[in-house]
Amino acid sequence: MEAKLKQMLYGGDYNPEQWPGEIWQKDMELFDKAGINSATINVFSWARIQPSEEVYDFRELDEIVDMLTREGKQIVLATSTAALPAWMVKRYPEVTRTDYEGRRHKFGQRHNACPNSPVYRHFITEIAGKLAERYGDRENVVCWHVNNEYGGECYCENCEKAFRVWLRKKYKTIEALNRAWNLAFWGHTIYDWDEIVLPNALSEGIGEEGTAFAGISIDYRRFNSDSLLENFKLEKAAIRRYDKKTPVTTNLMGTFKGLDYFKWAKEMDIISWDNYPSYDTPWSMTAMRHDLMRGLKDEPFMLMEQTPSQQNWQPYNSLKKPGQMRAQSYQTIAHGADTIQFFQLRRSVGGCEKFHGAVIEHAGSDQTRVFREVARLGAELKEIGSTVIGSRNEARVGIIFDWDNYWALEYTSGPNQDLRYVDQIWQYYDYFYNQNIAVDMIPVDGDFGKYDLIVAPVLYMMKEGMKEAVEEFVSAGGTFVTGFMSGIVDQSDNVYLGGYPGPLRKLAGIWAEEIDALAPEQSNKVVFKDGMKEQCRLLCDIIHLEGAEEIAQYESDFYAGTPAVTKNCFGKGCVYYVGTVLNADGLSKVLDMVCEEAGIAAVIEEETELEVTRRSTETEYIYFAMNFKDQEVVLPSVFAGKTDLLTGRKMEEGEKLLKYDVRAVISPR
């Protein structure tokens, strides 16, 4: 598949409108020293280019575009629609959001527009079209950046009316809606569409993350995601009237809960996202989010934002240590990125992000540690960019990630408030990461036939067609791993009757009669057949075998001696069911068995504590070996004698990588 971008972009958010003109040329000189070849502009400039409803003023933006063009920089051109101009709020107050508490907001902040406001939709269409008409034929405009970090909810009357229309299209009849939401509970039966109200703090909401009726709250999540997506589609359509080919994107946010990114990906030409791990985020969590972003379209993606040094908005905004930004950038590339972009290129002088890191710090100098590291990376990417760009990641393991399940699982009232969707997915991903086994993050309606092993923790919501898809996969010889809180409810959060795990019961060969919840200070142990004992926590399914074999059993409590982990043969394949939250060693023991049976191998045979990740072309493999450990790690011998792409140096047997060291190697397939 042809790469969406012609060269690897190295740059980031640039806001020259915040600075006097004499600074601009100094920026260009520093960009050249740092190897910066692109800039993302116009992200928050709506008020500058449209000072009133009737007036557009592109003079300053023309100057910025012309300057970047003269300097040979590629441009990611944003549509500026992520923050409302003050005149719009003053003249049309209905464009602002009403929050979860029912309060209509005034002018301020960002992401502050009602997505179902006809006025807002009119103005975003107008501004996107005018930008595309003016700049769409520029050869160095290589990507359109719509809005910025979509998210948030609105609970205004416009949204309420639009929600009713959305529901009427989905359910067709009031009777079907009453059944779907189980409104006989608490006597909430409705008889007219106009009786539906949004599930906020004034109605069904229980805190911002709770609800009395999950059916309506999940549907509102779907509706809100669709409403914001409609905003994106309106801007994209306006751009396409004048520019038929330049890729259009918007920057996503990894495992952000608010939007169904798999649905969004269908409307995006290329995926981009903003990577901001905290000081203690595990490297495997960051890798998982990269793989999720790549998996949205099963294509290389753009890193739209990362900080070169530190964030400003987290509780503890630690500096990146020497070498950390470079290693983080190569991890991003290794997992599928065709760009490395920063927020921000020059540190702002005021506002809440004035202490957010930048390529050019407040000192305005190229004599900073951060600038030197950015320049080193820029020089390396200039050399290797054409080698890597457009190459793909290949995997035989798929892990299911699904936003409907994310919402539904965390709306459940019980059995344990500490059950979190992303944490459960990550525990499994972490095993494969530590084994250097390539993983694709896949949707529930993905092509299962591409994989030998599919892992689906907490597959709580089983939507139509999923049972049949999983059964077909396993029957054909695939290995499927699932477990507690799976197969419980349908797409409206109504329980499948007949015993847990519902549609998966025959496939798994077990019946889970009850689910015990363990408080933080409580735990149990599981005992494997070889006598190995490992701790478990959080939840424990009380399991009866219905054809499956026992892999491990509980050690204590009234269900001591009953199965905790099982395996069931089904057709040519098998299903593993993990009925509790195992510690890392316990889960590793189970997944070791799974991988051996499924024939899953690491990207290199040699065991190593380095992260080793691989991208592929039709003729070559590109390996990245990265040390994220606190100690030196010996380079795997398979790389000895090969040339490091980043330095041009031939690597030696037994050489050691310090923390944050990186090696890149090309080998024939």
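The values are calculated or read from the model by the stated rules, or taken from the named source; none is laboratory data. Quick caveat: nothing in here was measured; it's all calculated off a predicted structure. All Cβ positions, even for glycine, are placed from backbone atoms using ideal geometry, and neighbour counts span all protein chains on display. Note: accessible area is taken over every heavy atom of the protein model, side chains too, but ligands, DNA and RNA are not part of it. Shrake-Rupley method; radii C 1.70, N 1.55, O 1.52, S 1.80 Å.
The packing ranking of peptides 319-330, 376-387, highest mean first, is 319-330, 376-387, where packing means the average number of other beta carbon atoms within 10 angstrom of each residue. Per-residue Karplus couplings for the stretch 627-638, computed as 6.51 cos²θ - 1.76 cosθ + 1.60 with θ equal to phi - 60°, are listed in order as 9, 10, 8, 7, 10, 5, 10, 6, 5, x, 5, 4 Hz, Gly and Pro entered as x. Enter the mean projected area of the convex hull around the alpha-carbon atoms of the stretch 100-226, in nm², rounded to one decimal. For the stretch 100-226, the mean projected area of the Cα convex hull comes to 9.9 nm². When peptides 218-230, 637-649 are sorted by average Cβ neighbour count within 10 Å, with the highest value leading, the order is 218-230, 637-649.
Taking all protein chains together and a 1.4 Å probe, the residues His544, His362, His356 rank His362, His544, His356 from largest to smallest accessible area.
Applying 1/(1 + (r/R0)^6) with R0 = 45 Å to the Cβ-Cβ distance of Phe185 and Glu652 gives a FRET efficiency near 0.05. Each of Asp445 and Glu555 was given a label point 7 Å from its Cα along the Cα-to-Cβ line. The distance between the two points is 4.6 nm. The Cα atoms of the stretch 482-552 give a gyration tensor whose axes a ≥ b ≥ c have a/c of 1.5 or more with a/b no greater than b/c, which makes the shape oblate. Scanning residues 5 or more positions from Thr250 or on other chains, those with amide H under 5 Å from its amide H are Val146, Ser272, with H placed 1.01 Å from N in the peptide plane.
Taking all protein chains together and a 1.4 Å probe, the residues Trp181, Trp186 rank Trp186, Trp181 from largest to smallest accessible area.
To the nearest 0.05, how large is the calculated FRET efficiency for Ser475 and Glu17 if R₀ is 60 Å and r is the Cβ-Cβ distance? It comes to 0.50. Computed about its Cα centre, the charge dipole of the chain is approximately 1620 debye, with only Lys, Arg, Asp and Glu carrying charge at their Cβ.
Ordering Val422, Phe343, Leu539 by Cα displacement along the dipole of the chain toward the positive end leaves Phe343 in first place; charges were set at the Cβ atoms of Lys, Arg (+1) and Asp, Glu (-1). Post the alpha-carbon centroid distance, the stretch 47-120 to the stretch 141-165, in whole angstrom. Answer, in whole Å: 14.
Within the chain, the proportion of Cα pairs with more than 32 Å between them is 54 percent. For the chain, the antiparallel share of DSSP beta bridges with both residues in that region comes to about 55%. The fraction of accessible area contributed by carbon and sulfur in the stretch 392-496 is 43 percent, rounded to a whole number (1.4 Å probe; ligands and nucleic acids excluded). Overall shape of the stretch 212-266 was characterised from the C-alpha gyration tensor. The equivalent ellipsoid obtained from it has semi-axes of 27, 13, 7 Å, in decreasing order.
Computed about its Cα centre, the charge dipole of the stretch 548-606 is approximately 280 debye, with only Lys, Arg, Asp and Glu carrying charge at their Cβ.
For the chain, adding -39500 (n - 2.57) for each run of n ≥ 4 DSSP H residues and dividing by the number of residues yields -9500 deg cm²/dmol at 222 nm. Per-residue packing, averaged as other Cβ atoms within 10 Å, sorts the ranges 623-634, 18-29 into the order 623-634, 18-29, beginning with the highest.
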